[in-house]
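Trainee: Have a look at this one.
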Amino acid sequence: MQIIKNTEGTVFDGCDFVVKTSENRKIRLLQITDMQVIDSTQRRTPDRLRADEIKAWLPENFDALFGNHVRALVAETHPDLIFITGDITYGSFDDSGSTFRKICELMDSFSIPWAPVFGNHDNESKMGVKWQCELFEKCKYCLFKRGSVSGNGNYTVGVAVNDKLVRVLHMLDSNGCKNSSDPEVVKEKGIYPDQLELVRSNTGRIEAAQGCPVPAFAAFHIPTASFIEAEIKKGYSKDGSTSYTIGVDTEAKDRDFGCKDEDITKYAIESDDSFTSLLRECHVNGVFAGHLHKTNTCIEYGGIRWVFGLKTGQYDYHNIGQTGGTLITLEDGDFEVCHVPSLVVHGRYPRLANMFKELFAE
């Protein structure tokens, strides 16, 4: 895939970046989310981790606990573009920035375009959000623009076959970082009006440059209340608090699937009909989020698929066997979504997996 970074005034006007192929084929996007890599030697308080956790999350175990999982996902899915929906690290375990830098080096090593947004924990690092943004921008294959609207990281990526855009991806910062003294971090979770106006503006420019509407995705970290509305309207939950597995505890409808094991109402960003109306106006038919470690449902409602990505990292809590990535396949104007469990086996927490037995105290 060719990466185009200067699109203003071209047929790709309205996109901040474009990944382009000359082949008319299926295109694969890989969502990874909630990697939450930590370095136990950088914990701020002595009692933050147990003794076995401290031993497990030493920096020399980076590949065993995280890097090899991502390498396996990339090898299995062969993505044309990787996008990350936040919580790349726990910034409170990375005040030196060494883990953040190591993850950037890992992602760039694939020579595949990758587009990140921040979660609510990334910006806790004492390195500051400016340093993090600059590191993203220096990476050869990273597609990232800090932007001038609320948050840090609001931009649009186009996916093109020759000069035709087949999909655009609006990457948005859902904010919500509360454990930071950095004044450049918007601390209240939310997707703000100026961010939505940016999506509307970019959509208009894209449509004018292409001469037709282009289907779109939106991706951010913290889910909006629209995710709750989708599960209630589809009959999977009465109030957003129910736990279930689609197809097991409740009949699957349309192409819905996934497991829900958390009360979304405790975490979601408030949103109303105006939010989903804007998405439809901007031709968005897929929304991808993270943040909830034990929820990975994909529910179609109102012409939009509301997707919780499969948690990628094994810190912090998660359900056994439900970590990995989410593969989106584009073909003939439509798309398919499926979760891809990690091929590198681990348990609910590393101390429960046989492969990590020698890392832990008795």
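Trainee: Taking the condition of being buried (at least 19 other Cβ atoms within 10 Å of the Cβ), among the charged types (D, E, K, R) and closer than 21 Å to Leu49 by Cβ, how many residues in segment 302-319 meet it?
Mentor: The number of residues fulfilling the criteria is 1.
Trainee: If you don't mind, there's one more thing I want to ask. Quick check: anything in segment 161-172 under 28 Å from Arg48 (Cα atoms), buried (at least 20 other Cβ atoms within 10 Å of the Cβ) and in contact (Cβ under 8 Å) with a residue 24 or more places away in the chain?
Mentor: Taking every residue of segment 161-172 in turn, none turns out to be under 28 Å from Arg48 (Cα atoms), buried (at least 20 other Cβ atoms within 10 Å of the Cβ) and in contact (Cβ under 8 Å) with a residue 24 or more places away in the chain.
Trainee: Also: Checking the conditions here, which among Gly91, Gly67, Gly86, Gly119 is in contact (Cβ under 8 Å) with a residue 24 or more places away in the chain and on the phi > 0 side of the Ramachandran plot?
Mentor: Gly86
Trainee: Just need a number here: residues in segment 61-92 that are within 19 Å of Met1 (Cα to Cα) and within 14 Å of the chain's Cα centre (by Cα).
Mentor: 4
Trainee: Can you pull out the strands (runs of 3 or more DSSP E) entirely within segment 16-128 that have at least 3 residues that are over 26 Å from Pro183 (Cβ atoms) and not aliphatic (A, V, I, L, M)?
Mentor: The strands (runs of 3 or more DSSP E) meeting that bar are 17-21.
Trainee: Here's something else I'd like to know. Name the residue, out of Ala219, Ala208, that is hydrophobic (A, V, I, L, M, F, W, C) and within 17 Å of Phe118 (Cβ to Cβ).
Mentor: Testing whether each residue is hydrophobic (A, V, I, L, M, F, W, C) and within 17 Å of Phe118 (Cβ to Cβ) leaves just Ala219.
Trainee: From the list Ser181, Ser201, Ser237, which residue is modelled with pLDDT of 95 or more and either in a helix (DSSP H, G or I) or not charged (D, E, K, R) (or both)?
Mentor: Exactly one residue qualifies, and that residue is Ser201.
Trainee: Give Phe118, Phe110, Phe93 a once-over and let me know the one that is touching a helix residue (DSSP H, G or I) at 6+ places or on another chain (Cβ under 8 Å) and surrounded by fewer than 23 Cβ atoms within 10 Å (Cβ to Cβ).
Mentor: From the options Phe118, Phe110, Phe93, the qualifying one is Phe110.
Trainee: For a quick check of your reading of the model, give me the residue pairs whose first member lies in segment 248-274 and is among the small types (Gly, Ala, Ser), whose second is in a loop (DSSP other than H, G, I, E, B), with beta-carbon atoms closer than 8 Å and at least 6 apart or on different chains.
Mentor: Gly258/Asn296; Gly258/Thr297; Ala268/Ile222; Ala268/Pro223; Ala268/Ala225; Ala268/Gly240; Ser271/Ile191; Ser271/Ala225
Trainee: Still on this structure: Quick one: which of Ile206, Ile191 is part of a loop (DSSP other than H, G, I, E, B), hydrophobic (A, V, I, L, M, F, W, C) and buried (at least 22 other Cβ atoms within 10 Å of the Cβ)?
Mentor: Ile191
Trainee: If you scan segment 153-191, which residues turn out to be under 20 Å from Gly290 (Cβ atoms), hydroxyl-bearing (Ser, Thr, Tyr) and over 15 Å from the mean Cα position of the chain (by Cα)?
Mentor: Ser180, the sole residue that qualifies.
Trainee: Considering only residues that are out of contact with any helix residue (DSSP H, G or I) (no Cβ under 7 Å at 6 or more places or on another chain) and more than 28 Å from His339 (Cα to Cα), look in segment 209-247 and name the one that is surrounded by the fewest Cβ atoms within 10 Å (Cβ to Cβ).
Mentor: Here the answer is Gly211.
The values are calculated or read from the model by the stated rules, or taken from the named source; none is laboratory data. Just so it is clear, the model here is predicted, and its values are computed rather than measured. Every residue, glycine among them, receives a Cβ derived from its backbone with ideal geometry; neighbour counts consider all protein chains shown.
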